[in-house]
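Read the structure below first, then the notes.
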Amino acid sequence: MPFRILTADHTGITVSDLERSLIFWRDVLGFELSHRAHQKGELAEKITGVAGAEILIAVVKAPGHKIELLEYRAPADRKKLDARPCDVGSVHIALTVDNLDAVLETVAASGWKAAGKPQTLTVGPNAGKRVIYVHDPDGTTIEFMQMPEN
């Protein structure tokens, strides 16, 4: 290869309402707000390839990873995706937690809910882990994983 990837920097998630998403990621899940930005004009268009792009950005971080939340204010013809985990192009982020039940209680108390029920994997390299999918306010899938107790 003529290049190599040095590290993964962040995961970007387009949201419909930046403030609502910050409540979920920062206040419910405990990510720390790193910084905010506002991109528009030629810079935003050239980075994204979206004509007329105007983006409000907030970056939140947890140990080992950052999430870039992007609320596009323009162009006006933005679409809302309704992708299920099985639909091509759907993505999710997986977060390892120390107490899956506490995560689910916190998420439920905040008005959001899990997509299914926690399951313990029985085969493969993740055998013993408890896992569950949760959806953020815009339907983005977040997988929570808890390591097996020894």
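Below are the figures for this structure:
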quantity: Hits in the stretch 42-71 (condition: more than 30 Å from Thr96 (Cβ to Cβ) and in contact with an Asp or Glu (Cβ under 8 Å, 6 or more places away or on another chain)); calculated: Ala44, Ala51, Gly52, Ala53
quantity: Tabulated pairs, the stretch 38-64, first under 17 Å from Ala76 (Cα atoms) and of a type in the set (Gly, Ala, Ser), second open to solvent by less than 50 Å² (accessible area, probe 1.4 Å) and not in a loop (DSSP other than H, G, I, E, B), C-beta under 6 angstrom, 6+ apart or interchain; calculated: Ala44/Ile55; Gly52/Ala74; Ala53/Ala44
quantity: Counted residues, the stretch 115-138 - those being open to solvent by 30 Å² or more (accessible area, probe 1.4 Å), out of contact with any Ser or Thr (no Cβ under 8 Å at 6 or more places or on another chain) and not polar (S, T, N, Q); calculated: 8
quantity: Residue check, Leu95 buried (at least 16 other Cβ atoms within 10 Å of the Cβ), at pLDDT 90 or above and in contact with a His (Cβ under 9 Å, 6 or more places away or on another chain); calculated: yes
quantity: Checklist (1) open to solvent by 80 Å² or more (accessible area, probe 1.4 Å); (2) over 27 Å from Met147 (Cβ atoms) applied to Leu56, failing item; calculated: (1)
quantity: Where a residue in the stretch 101-123 is under 14 Å from Ile142 (Cα atoms) and its partner, wherever it lies, is hydroxyl-bearing (Ser, Thr, Tyr) and not in a helix (DSSP H, G or I), with Cβ under 6 Å and at least six apart; calculated: Ala115/Tyr133
quantity: Close pairs from the stretch 69-94: first of a type in the set (Asp, Glu), partner in a loop (DSSP other than H, G, I, E, B) and open to solvent by 50 Å² or more (accessible area, probe 1.4 Å), Cβ under 9 Å, at least 6 apart; calculated: Glu71/Ser16; Glu71/Asp17; Asp87/Leu81
quantity: Yes/no for Glu149 being out of contact with any Phe, Trp or Tyr (no Cβ under 6 Å at 6 or more places or on another chain), open to solvent by less than 70 Å² (accessible area, probe 1.4 Å) and either part of a loop (DSSP other than H, G, I, E, B) or touching a residue at least 24 places away in the same chain (Cβ under 8 Å) (or both); calculated: no
quantity: Condition met for Leu43 (at pLDDT 95 or above, among the hydrophobic types (A, V, I, L, M, F, W, C) and either within 22 Å of Leu18 (Cα to Cα) or surrounded by 12 or more Cβ atoms within 10 Å (Cβ to Cβ) (or both)); calculated: no
quantity: Of residues in the stretch 72-92 being acidic (Asp, Glu) and open to solvent by 100 Å² or more (accessible area, probe 1.4 Å), the one farthest from His38 (Cα to Cα); calculated: Asp82
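The values are calculated or read from the model by the stated rules, or taken from the named source; none is laboratory data. Because the structure is predicted, anything quoted here is derived from the model rather than measured. All Cβ positions, even for glycine, are placed from backbone atoms using ideal geometry, and neighbour counts span all protein chains on display. With ligands, DNA and RNA removed, areas are computed over all heavy atoms of the protein, side chains included. Shrake-Rupley method; radii C 1.70, N 1.55, O 1.52, S 1.80 Å.
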